[in-house]
Amino acid sequence: MCFEGSGFGWEHDTLCEVVFNSAMCGYTELLTDPSYAGQGVVMTYPLIGNYGVCYDDAESVRPWLSAYIVHRVSDVASNFRSDVDLNTFLKNNRIPGVQGVDTRALTKVLRESGTMRGMIAYGEAADRDEMKKKIRAFRMESMVPRVSCKEPAVYGDGPVKVSLADYGVKNNIIRSLVSRGCTVRRFPHDASFEELMSFDPDGIMLTNGPGDPKDCGKEIGELKRVYAHGVPTFAICLGHQLMALAQGFDTYKLKYGHRGINHPVKELAENRVYITSQNHGYVVDGKTVDPSVADISFVSMNDGSIEGLNYKNGKVFSVQFHPEASPGPLDTGFLFDRFLSLMGGSRL
Amino acid sequence: MSRRKEIKKVIIIGSGPIIIGQAAEFDYAGTQACRALREEGIEVVLINSNPATIMTDRQIADKVYIEPLTVETVKKVILKENPDSILPTLGGQNALNLAVELEESGFLKQNHVEMIGTKADTIRMAEDRELFKEAMGRIGEPVAKSAIAENVEDCVKAAKAIGYPVVVRPAYTLGGSGGGFANNEEELVSIATVGLSRSRVHQVLIERSIAGWKEIEYEVMRDHNGNCITVCNMENIDPVGVHTGDSIVVAPCQTLADKELQMLRTSALNIIRELRVEGGCNVQFALNPDSFEYAVIEVNPRVSRSSALASKATGYPIAKVASKIALGYTLDEIPNAITKKTFACFEPTLDYCVVKIPRWPFDKFINARRILGTQMKATGEVMGIAPTFEAALMKSIRCLEQNTYSLLDDTLKELSDAELEDRLHVVDDRRLWAVAEALRRGVTKEHIHEITKIDLWFLQKFRNIVRMERAIAAGPVDEALLRRAKEEEFLDRTISKLSGIGVEELRKMQKKWDIRPVYKMVDTCAAEFDAETPYYYSRYGVRNESDPATDRRKVLVIGSGPIRIGQGIEFDFCSVHSVWALKELGCETIIVNNNPETVSTDFDVADKLYFEPLTEEDVLHIVEQEKPDGAVVQFGGQTAIKLAGAIEKMGVPILGSSYDSIDAAEDRERFDEILNQCGIPRAAGRTVFTCDELGYPVLVRPSYVLGGQGMQIAYSDQDIIEQIGIINRVAQEHPILVDKYIMGTEVEVDAVCDGTDTMIPGIMQHIERAGIHSGDSISVYPAIGVPKEMQNLIVDYTRRLAKALHVIGLLNVQYIVKDGKVYVIEANPRSSRTVPYISKVTGIPIVPLAVGTFFGKTLPEMGYHYGLQSERKLVAIKMPVFSFEKLYGQDVNLGPEMKSTGEVLGVARTYDEALIKAFYGAGVHKIEKGNVIITVKDSDKEEVLPIAQGLYDLGWTIFSTGGTSEFLNAHEIPTIRLHKIGAGKPDILDHILSGKINLVINTPSTGVAHHRDGYRIRRNAVEAGIPCLTSLDTANAFLTCARHVDTTQLSVVDITKVSTFLNFI
């Protein structure tokens, strides 16, 4: 299967895992979300780059994805905050782009056949057989070490202390905590339990991140100890999957993932539905969740898959979706408040 | 919680006649709501005065009352039907106002009727400016600085405090009726005076002007459990200052980053929560383009024009979901009708761009002010769907059917650069083309932005279209360029015009290079889930999603495009009924239409919906895709008829009357020949420009039009020359017709012919004499004033004509009866404006019968004898409704060119009662004695005497000026004499504006000065909301009502019982 288009950004052949995202806005946040590391992202919305790129909206220091595939890149960046146009931004950050693709047709292929490996090749002369060989040989390596910080860092100066295990954190997780009065100490992904606790934190934040959670053996080991300690812990996305694996639950890969900002989830206890921002290819297997260890708190309204867990120790809760939004609806920001009150409780 | 079982019988109030600001969207919403309730086993009682709607069909509701939308009538229906609930949020502002009045008076409570869905408290909080401001204050949502005022002095004071410029917004009105911008005190006084008089509660809001900000809308849903979602956001290309109904709108928002969008989305959800809306709600924001500052402009706690647009733009059925919510369902319990796999509690995501353009009536109202502001002026709208903004815009431009297929407008070429720049400052319906011309001449988009405040992103897109024009003109038109031009939705005719390459040649080139559109699905989810919704749009790309395979006979139904004067919702009624009838007969139905407000573009009406422009080329692509076995053109108004020849050439048989029949009726010489053969007289006429031997007055009109477009009565050579000039301002493909004008009684019939003979459901007689367009006349069924022998002649002529024209299906014929003779005015082998109304009052399913004849069924086979059907024991009077108050500058006098936007029906056992109902329905509430101004032209003075005498005897006080006053006094009718305009204070206009006058009877006179005075009287009357009768026939009808209003008990009639014939009243 080959889709033709024209290049933009950094025109450089690249191999990637091809996924689609159905958000109609928020491409700056999406491009700089470390969870997309290694992936070629197809936008179902055809008009991308309309409002340029505003650096303030970046969710990390740079874009992490492998390639960006769109129908049409805007030839004008129109917004009062725009710092640079999308094409230049990708070029500067060495991200290959393709436009002119019938992204709906491509999305249907991905939906029907599932997430697949692919290659972006530039130039007329691209040898398709050669490309196929390369694609078959391509393996997604673990991306967490690449996107995680290398050294600890501190944010904010609030009274509540949070240790954050950075598997590829989005800035808005940190901002959401800092704005609620937290001092956040960010640790590299492989920080040990002792390191995470060295700061005498009120709670631990486990972040989002790229790839297969089962690649993160070391991290899972440390999380077993976090759980055993009973320090209040809030986990998002990859962090949620890692904590589940640490408790002996299983994860599996979804056919084509959940990527978009219109995903409804239901909070079972409240019987309430929220629209959430999601970006995950793997999911916790509901059949393996031990009800004596954790309750399912949120489920996806689209496919019934697990979107959140409340652990029975009363100290750990996790969600698959992104309450920090960026991009997407702010409906579930209250989960950070819950985390704060959970930590407040531990001080008493 | 799921459905509340105690809800068993629900009354729904419709929105009444089509007027500017309230068009077909409420028929769409109401129809969807009725269906949603009935599929739950709920009995639906519907009340709506508009007979042209689909919602008033017996197939849609259990009980249908086509009655005036007044508090009294709704009360009567409630007392008769005993519903347990009322659903007030689906009939627009009218329905909302009525429901709130019933609630406030305690009537609902007394009769144990619960308001379901959004509650009265919520409606008040959203509608009452002060309560709304308070509510916004509680949740910290910003609103523009404003003050409420209930009189002009307070307005002036408030504006001083807020600072000019200010916006004036009357409370409780439709389409922002009576509002406007004021830059100084003088302007404020004039706008506020009108605004206060329009408001139901005599209240206006004076608000800080935020003109130039971006206008953003959110469509939001909420259930009683507090679940909220946003269905769609939309961005107005025209910044704040132009009514959203008059703005070009794009969905989703294009120029806002996630941070801004989420800020507004969160605000919209906070608002809907605070207001406790249960159902759909529309929130409008103004957003400062240079900061995160925003202001909530207004909230509509009901379905609206915007929600109809959002439904069609996304595929999310807002009215249906709102109805289910009203029954107690929550969003997570309602299945997504499109994917059938997901639920209504999700947010649609689009993988295309949608552009809506309003359809303005300025082609009809050439004297109306075209300036766009806070007062909506459009009668309808169109929508284009495409992957890029450029393509969606180009598609929607040609949906307008205004002989414009692109951003090219040759008339602008003649303007000097300075003149063009002036045009950029003028915010009117033509500004888009002026902007394009400026870009074409190299004016920078930054400069245009300075003037227009249109976002640079949109201006860049317009420039891309202009660049494409230039590239095509420069050539060479190679494969790459042609492909790009087609992707940008340039029609072959436009490419041909620019490149000089013939259309046929261009088609060959496209075949050679395999450039052709594919059809993609509108599925609410950007292909994330499998969907089976048969809702398609075209784009140039790969992977066609529309599968043409079927084992049924496949029929293409051509829709009627945007609502405009002369081609209204009636044709959507006919199209939808034809689809249903075709389905009954086992056909696969494919409908093509582009009007987002209508039932026909609901995805579950036809087997397949193509949301596409209705040009020959667009239809050709669909024909090539679907290869239908036949096409139906007789229900889609002139839009469809105009395509008949082209469709036949494509090799698709026209079902029913052939193109040749249509042509025979339209072509003057052929038609005359047929009339001669049949021995039917008609007014002498000519197609050529030699009318001196006819003798004046004559009727001048272009052929091939609907709604009498461009039709005028001419009394002199000068009139003719002027009129031909006006007609020719739009290039004419067909000759201009000139007829001898016969002043007699106008009669109209709709007939169905099966190829052998003809059935006539009923004869309708017009109250106004010939010369006033049939669509603007009060029409009476049965034709009680036409002698039996004349009726027989009419039936006989109709049967003969149908045969001679080889009609299969519908035929509409208009006649004049004068001095014992019957003349044909015109005959059209297609559906007409009166088909819905006559179907409903006779109970005869005219459209399904016509469809039956397409397949060789005879009328007797279908249960109807040939000839005139027996009269129902009722009188049904159709009354036109106008929107003149919104069209500044337009004269309100009636003539052969149609001006009404909608209609109401009065149904009763007697003529008098039906007439009173019709007047009430049309918004004439003061019928018992009051104050009337009578000023008529000299030739009408004799005729007005009995009317004046009659009104005087009934206790009316008559005011008049000079001549009329003297004349009436001379005939011993006392009058209060008023100063002519400017002849002393107070003059006649001051009286009109004083609020004490209830009725104006004014007939237009010839002669420039008189004409101008009459014009000002009429304009002031309509702008002050005073009924203004410009025909003495209408005035006579009014007198009849006034005579009987006190003694007539108004009944309410369930129209679904008509067919059973028995005591239905």
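The table below lists the values:
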item: Matching residues, region B:308-344, being surrounded by fewer than 21 Cβ atoms within 10 Å (Cβ to Cβ) and of a type in the set (A, V, I, L, M, F, W, C); result: B:Ala337, B:Phe343
item: Residue in region B:499-521 that is away from chain A (no Cβ under 14 Å), touching a Leu at 6+ places or on another chain (Cβ under 7 Å) and among the hydroxyl-bearing types (Ser, Thr, Tyr) present; result: no
item: Count of residues meeting criterion [surrounded by 24 or more Cβ atoms within 10 Å (Cβ to Cβ), touching a strand residue (DSSP E or B) at 6+ places or on another chain (Cβ under 7 Å) and not in a helix (DSSP H, G or I)] in region B:376-399; result: 10
item: Criterion: in contact with a strand residue (DSSP E or B) (Cβ under 8 Å, 6 or more places away or on another chain) and more than 18 Å from B:Lys926 (Cα to Cα) - qualifying residue of B:Ile976, B:Ile958, B:Ile997, B:Ile1001; result: B:Ile976
item: Pairs, first closer than 17 Å to B:Val576 by Cα in region B:12-28, second of a type in the set (Ser, Thr, Tyr) and in a loop (DSSP other than H, G, I, E, B), C-beta under 6 Å, six or more apart; result: B:Ala24/B:Thr598; B:Phe26/B:Ser15; B:Asp27/B:Thr53; B:Tyr28/B:Thr598
item: Residue in region B:414-426 that is within 14 Å of chain A (Cβ to nearest Cβ) and either of a type in the set (Asp, Glu) or touching a helix residue (DSSP H, G or I) at 6+ places or on another chain (Cβ under 9 Å) (or both) present; result: no
item: Long-range neighbours under 8 Å by Cβ, at least six apart or interchain, first residue within 9 Å of chain A (Cβ to nearest Cβ) within region B:326-345, second in a helix (DSSP H, G or I) and not aromatic (Phe, Trp, Tyr); result: B:Leu331/B:Val321; B:Leu331/B:Ile325; B:Phe343/B:Leu331; B:Phe343/B:Asp332; B:Phe343/B:Glu333; B:Cys345/B:Leu331; B:Cys345/B:Asp332
item: Count of residues meeting criterion [touching a His at 6+ places or on another chain (Cβ under 9 Å) and either closer than 20 Å to B:Ser1005 by Cα or aliphatic (A, V, I, L, M) (or both)] in region B:946-961; result: 3
item: Residue match in region A:193-213 (condition: assigned to a loop (DSSP other than H, G, I, E, B) and among the aromatic types (Phe, Trp, Tyr)); result: yes
item: Residue that is surrounded by the fewest Cβ atoms within 10 Å (Cβ to Cβ) [pool: residues in region B:539-571 that are touching a helix residue (DSSP H, G or I) at 6+ places or on another chain (Cβ under 6 Å) and part of a strand (DSSP E or B)]; result: B:Tyr540
item: Filter result for B:Ala664 (touching a strand residue (DSSP E or B) at 6+ places or on another chain (Cβ under 8 Å), outside any loop (DSSP other than H, G, I, E, B) and either buried (at least 17 other Cβ atoms within 10 Å of the Cβ) or in the same structural domain as B:Ala391 (by TED's automatic domain parsing) (or both)); result: no
item: Answer from B:Glu274, B:Glu298, B:Glu278 - the residue that is at pLDDT 95 or above, within 21 Å of B:Ala126 (Cα to Cα), surrounded by fewer than 22 Cβ atoms within 10 Å (Cβ to Cβ) and not hydrophobic (A, V, I, L, M, F, W, C); result: B:Glu274
item: Whichever residue in region A:48-66 is within 11 Å of another protein chain (Cβ to nearest Cβ) and either assigned to a helix (DSSP H, G or I) or among the basic types (Lys, Arg) (or both) and, among such residues, is surrounded by the fewest Cβ atoms within 10 Å (Cβ to Cβ); result: A:Asp56
item: Number of positions in region B:254-307 that are touching a residue at least 40 places away in the same chain (Cβ under 8 Å), aliphatic (A, V, I, L, M) and touching a Pro at 6+ places or on another chain (Cβ under 9 Å); result: 7
item: Selection status of A:Ser35, over 25 Å from B:Ala251 (Cβ atoms) and in contact with a Cys (Cβ under 8 Å, 6 or more places away or on another chain); result: yes
item: Residues (modelled with pLDDT of 95 or more, closer than 30 Å to B:Ala378 by Cβ and touching a Phe, Trp or Tyr at 6+ places or on another chain (Cβ under 8 Å)) located in region B:904-958; result: B:Leu905, B:Gly906, B:Phe919
item: Scope region A:8-39; condition away from chain B (no Cβ under 14 Å) and over 14 Å from the mean Cα position of the chain (by Cα); matching residues; result: A:Phe8, A:Gly9, A:Trp10, A:Glu11, A:His12, A:Asp13, A:Thr14, A:Leu15, A:Cys16, A:Glu17, A:Val18
item: Candidates B:Asn282, B:Asn270, filtered to the one that is within 24 Å of B:Ala95 (Cα to Cα) and in the same structural domain as B:Leu205 (by TED's automatic domain parsing); result: B:Asn282
item: Of all residues making up region B:220-237, the number that are closer than 17 Å to B:Gly117 by Cα and either more than 14 Å from chain A (Cβ to nearest Cβ) or in a loop (DSSP other than H, G, I, E, B) (or both); result: 5
item: Search result, residues across region B:760-769 that are within 25 Å of the chain's Cα centre (by Cα) and either part of a loop (DSSP other than H, G, I, E, B) or over 19 Å from B:Val847 (Cβ atoms) (or both); result: B:Gln765, B:His766, B:Ile767, B:Glu768
item: Matching residues in region B:62-91 - criterion: being within 22 Å of B:Ile877 (Cα to Cα), among the hydrophobic types (A, V, I, L, M, F, W, C) and not in a strand (DSSP E or B); result: B:Ile66, B:Leu69, B:Val71, B:Val74, B:Val77
item: Unmet criterion (only one of (1) closer than 19 Å to B:Ile654 by Cβ; (2) under 21 Å from the mean Cα position of the chain (by Cα); (3) of a type outside the set (A, V, I, L, M, F, W, C)) for B:Asp602; result: (1)
item: Residue satisfying condition, being modelled with pLDDT under 95 and either hydrophobic (A, V, I, L, M, F, W, C) or assigned by TED's automatic domain parsing to the domain that holds A:Gly239 (or both), within set A:Ala126, A:Ala153; result: A:Ala126
item: Pairs with Cβ under 7 Å, 6+ apart, first in region B:416-428 and touching a residue at least 24 places away in the same chain (Cβ under 8 Å) and more than 22 Å from B:Phe362 (Cα to Cα), second basic (Lys, Arg) and assigned to a loop (DSSP other than H, G, I, E, B); result: B:Asp417/B:Arg441
item: Wholly within region B:107-209, helices (runs of 4 or more DSSP H) carrying at least 2 residues that are polar (S, T, N, Q) and at pLDDT below 90; result: B:185-198
item: Count of residues meeting criterion [of a type in the set (A, V, I, L, M, F, W, C) and not in a strand (DSSP E or B)] in region B:880-915; result: 8
item: Conditions (1) within 14 Å of chain A (Cβ to nearest Cβ); (2) in a loop (DSSP other than H, G, I, E, B); number of the one not met by B:Leu269; result: (2)
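The values are calculated or read from the model by the stated rules, or taken from the named source; none is laboratory data. On a predicted model such as this, the values are computed, not experimentally measured, just so you know. Note: ideal-geometry Cβ built from the backbone for every residue, glycine included; neighbour counts use all protein chains shown.
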